[in-house]
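Data block below; observations after.
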Amino acid sequence: MAEQVENMKAGADSGRMRDIVILGGGTAGWMAAAVLARGLGNAVRITLVESAAIGTVGVGEATIPQIQHLNRFLGLDEGEFLKASEGTIKLGIRFEGWWRADAGYIHAFSDIGVAAGLIGFHHYWLRARKELGPETAGDLWDHSLNAVAAARARFAPMDRVGETPVPGTRHAYHFDASLYARLLRSHAESMEVRRIEGRVVAVERVAESGEIAALLLDDERRVAGDFFIDCSGFRALLIESEMQAGFEDWSHWLPCDRAVAVGCAPVRPYPPFTQAFARPAGWQWRIPLRHRTGNGHVYASALIDDDEATRTLLDHLDGAPVGEPRVIRFRAGRRRAAWVGNCLALGLAGGFLEPLESTSIHLVQSGLQRFLEMWPARPASPALVAEYNHRTAKEWEAIRDFLILHYHRNARTDGELWRACREMTIPDRLAQRLALFAESARIYPEPDELFTEMAWLQVMIGQGLYPNDHHPIADLMPADELADFLARIREIIARAVSAMPSHDEFLARIS
Ligand SMILES: Cc1cc2nc3c(=O)[nH]c(=O)nc-3n(C[C@H](O)[C@H](O)[C@H](O)COP(=O)(O)OP(=O)(O)OC[C@H]3O[C@@H](n4cnc5c(N)ncnc54)[C@H](O)[C@@H]3O)c2cc1C
């Protein structure tokens with residue numbers, strides 16, 4: 001009997017993938033190591049190869065709220081994580097000058113208003129604006145707890161406001177990417193992930209299948225595995241140089257292809273939001289960390305050179321620069337296939353959509369989640385790989401369209417970039433979404449889409465797209481009731497924010 005059980009076990013084990021090798025120790029590599037170690041436990045052995053001499057891209061400081069799920073999955077305590085990564089709270093992104101040079105808005109993460117029956121809050125607000133006037137309707141963002149808290153640099157986590165139906169705050173983080181990677185590394189190593197320091201100089205392939213057999217290091221060590229995760233950054237050493245996945249170039253829609261980055265002295269109080277300032281040939285980010293502010297100028301190299309881009313950045317810092325500005329080149333687009341054979345690309349190896357909505361780290365997270373959901377244990381079937389790649393493509397395309405919206409819907413008068421983006425032909429699906437919103441205020445995100453109705457609403461209104469009509473159900477509410485409904489929400493939010501601690505106090509208290 002014992003022999004039979006042993007034979008059954010051996011049968012069940014045969015052909016199972018046991019050794020996962022991750023190439024790269026940037027944010028993507030260490031996220032992959034920690035998540036797979038936590039998710040797959042001792043079903044696999046995980047080895048990560050990285051080269052300190054090559055280093056990491058060294059940017060990637062702003063996130064979106066979904067990162068909380070990742071931290072929770074890994075068991076990271078919020079206070080400890082914020083302290084270890086010099087992190088701050090992020091309630092949204094303030095876009096300055098994106099529609100017109102003199103206008104700004106926030107894409108805040110919380111819901112706006114209160115759902116009133118079958119239709120979205122914004123239909124009521126639009127009706128009020130049209131019928132009762134902008135003063136009675138109030139500013140859209142005065143109905144958002146995150147937006148009001150961000151404007152007043154306050155923060156407290158809450159699911160909803162007291163006993164009211166007004167939705168609570170929803171937050172993400174700004175953090176020092178290298179400190180976060182260090183935290184993930186110690187976490188992964190505590191779950192027995194093996195780290196190898198070394199430079200990969202060649203790749204050994206299986207002759208018949210073309211799959212990857214091993215990574216060969218410059219000191220002649222050989223790291224063999226059953227499955228390889230390419231987190232080698234823009235180099236894309238496995239997915240492109242070896243597996244030749246191909247690259248879908250989206251730079252005709254997202255023309256910025258460089259960034260110059262530099263830190264500067266931090267500013268107090270810490271703003272609980274990212275800032276994105278439109279500039280004549282691109283835009284500039286400002287990300288508040290506790291030990292420094294992260295700054296970068298993202299630009300189209302066809303329109304300005306690196307020196308001018310650097311000067312623009314240095315002219316617009318709100319503190320003394322720390323270190324030398326660094327230029328990073330990139331191309332907007334994605335691998336045609338994120339998964340080829342026994343190789344999966346994550347992070348910059350899989351592609352890059354520029355950092356405007358802080359989606360890159362999230363795409364590592366969602367790629368890992370999908371991979372764990374689909375984890376095949378044995379070598380994956382073509383159908384499974386195709387499904388993974390299909391879902392990845394849809395996710396990237398929806399984010400791409402959301403980013404294009406920011407550039408396309410502009411009324412700026414100061415540069416070739418903005419004119420070209422305004423006049424470019426946009427993807428059909430985006431054109432259809434904008435037309436539908438413009439005529440009837442309807443927003444229909446795809447079922448698995450990252451950005452919600454609230455996100456699309458804020459960016460469309462923020463970019464000056466006011467619909468011609470609203471849902472007729474909003475007309476059923478008597479006008480005086482409508483005015484009270486909106487005023488009451490604003491009042492609840494204003495009171496709730498007044499009772500919140502400042503962002504700085506919150507940080508001091510928690511970490
Ligand atoms: C300008 C800019 C701004 C960004 N801002 C944001 C943001 O605000 N929010 C966000 O979510 N994302 C942002 N990103 C993206 C984010 O930086 C990346 O998604 C994230 O850092 C993951 O990078 P990575 O790990 O894929 O690559 P990298 O950090 O480049 O790491 C690559 C790793 O591979 C290793 N490696 C490479 N070749 C070899 C070799 N031959 N042998 C051994 N090891 C090797 C390197 O040593 C390194 O460890 C930004 C990106 C850019 C370019």
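Label-to-label distance, ARG378 versus THR164, with points set 7 angstrom from Cα along the beta-carbon direction: 5.8 nm. With the cut-off at 1.5 for a/c, could you classify the stretch 126-169 from its C-alpha gyration tensor as rounded, prolate or oblate? Since a/c reaches 1.5 but b/c is at least a/b, the shape of the stretch 126-169 is classed as oblate. If only the Cβ of Lys and Arg carry +1 and only the Cβ of Asp and Glu carry -1, the dipole of the chain around its Cα centre is close to 440 debye. Annotation for the stretch 454-474 versus the stretch 38-87: alpha-carbon center distance of 36 Å.
Between LEU314 and SER186, the C-beta separation translates, for a Förster distance of 41 Å, into a calculated FRET efficiency of about 0.70. Ranked by the mean number of other Cβ atoms within 10 Å of their residues, highest first, the peptides 207-215, 243-251, 18-26 fall in the order 18-26, 243-251, 207-215. With a ≥ b ≥ c the root eigenvalues of the C-alpha gyration tensor of the stretch 438-483, is it rounded (a/c under 1.5), prolate (a/b larger than b/c) or oblate? Since a/c reaches 1.5 and a/b is larger than b/c, the shape of the stretch 438-483 is classed as prolate. Consider a paramagnetic label point 7 Å from the Cα of ALA53 along Cα→Cβ; state which residues of the stretch 220-253 have an amide N under 17 Å from it. Counting only backbone N, you get 220-223.
In debye to the nearest 20, how big a dipole does the stretch 404-511 give about its Cα centre with +1 on each Lys and Arg Cβ and -1 on each Asp and Glu Cβ?
Values: 11 positive and 17 negative charges, 59 e Å.
About 280 debye.
With R₀ fixed at 30 Å, the C-beta to C-beta distance from ASP469 to GLU423 puts the FRET efficiency at about 0.70. How are the C-alpha pair distances of the stretch 399-511 spread across 5 Å bins, as whole percents from the shortest bin up? Result returned by the calculation: 2, 9, 14, 15, 14, 12, 13, 11, 8, 2. Each residue of the stretch 25-86 gets 99 Å³ once the volume of the Cα convex hull is shared out per residue. Based on alpha-carbon atoms, the Kirkwood radius and the radius of gyration of the chain give Rg/Rh equal to 0.99.
When each of the peptides 483-490, 144-151 is scored by the mean number of other C-beta atoms lying within 10 Å of its residues, the order from highest to lowest reads 144-151, 483-490. Treating the stretch 309-439 as a set of equal point scatterers at the Cα positions, no solvent, please give the Debye-formula log₁₀ I(q)/I(0) at q = 0.15, 0.19, 0.22 Å⁻¹. So the normalised log intensities are -0.91, -1.14, -1.29. For the stretch 339-487, the Cβ-based charge dipole about the Cα centre amounts to some 720 debye (Lys, Arg positive; Asp, Glu negative; other atoms uncharged). The three principal axes of the Cα atoms in the stretch 175-293 give end-to-end lengths of 57, 42, 22 Å, sorted in falling order. Built from the Cα atoms of the stretch 50-153, the convex hull projects on average onto 11.1 nm², one quarter of its surface area. Using the Cβ-Cβ distance between ASN42 and ARG329 with R0 = 51 Å, the FRET efficiency computed as 1/(1 + (r/R0)^6) comes to roughly 0.80.
Restricting attention to the chain, close to 70% of DSSP beta bridges with both partner residues there are antiparallel. In the chain, Cα pairs under 8 Å separated by at least six residues give a relative contact order of 22 percent. Here the stretch 389-415 is scanned for amide nitrogen atoms under 20 Å from the site 7 Å beyond the Cα of SER251 along Cα-to-Cβ, giving 397, 400-401, 403-405, 407-408.
Ordering VAL206, TRP125, ALA156 by Cα displacement along the dipole of the stretch 94-209 toward the positive end leaves VAL206 in first place; charges were set at the Cβ atoms of Lys, Arg (+1) and Asp, Glu (-1). Across q = 0.14, 0.15, 0.18, 0.21 Å⁻¹, the stretch 254-308 modelled as identical point scatterers on its alpha-carbon atoms has Debye log10 I(q)/I(0) values of -0.40, -0.45, -0.60, -0.75, in the order of the q list.
Stretching ALA431 away from ALA411 to a fully extended chain increases their span by 5.5 nm, per 0.36 nm per residue minus the current alpha-carbon distance.
Laboratory data are not the source of any read-out in this text; all were calculated from the coordinates shown. Computed from a predicted model, the values in this text were never measured in an experiment. All Cβ positions, glycine included, derive from the backbone under ideal geometry; neighbour counts span all protein chains shown.
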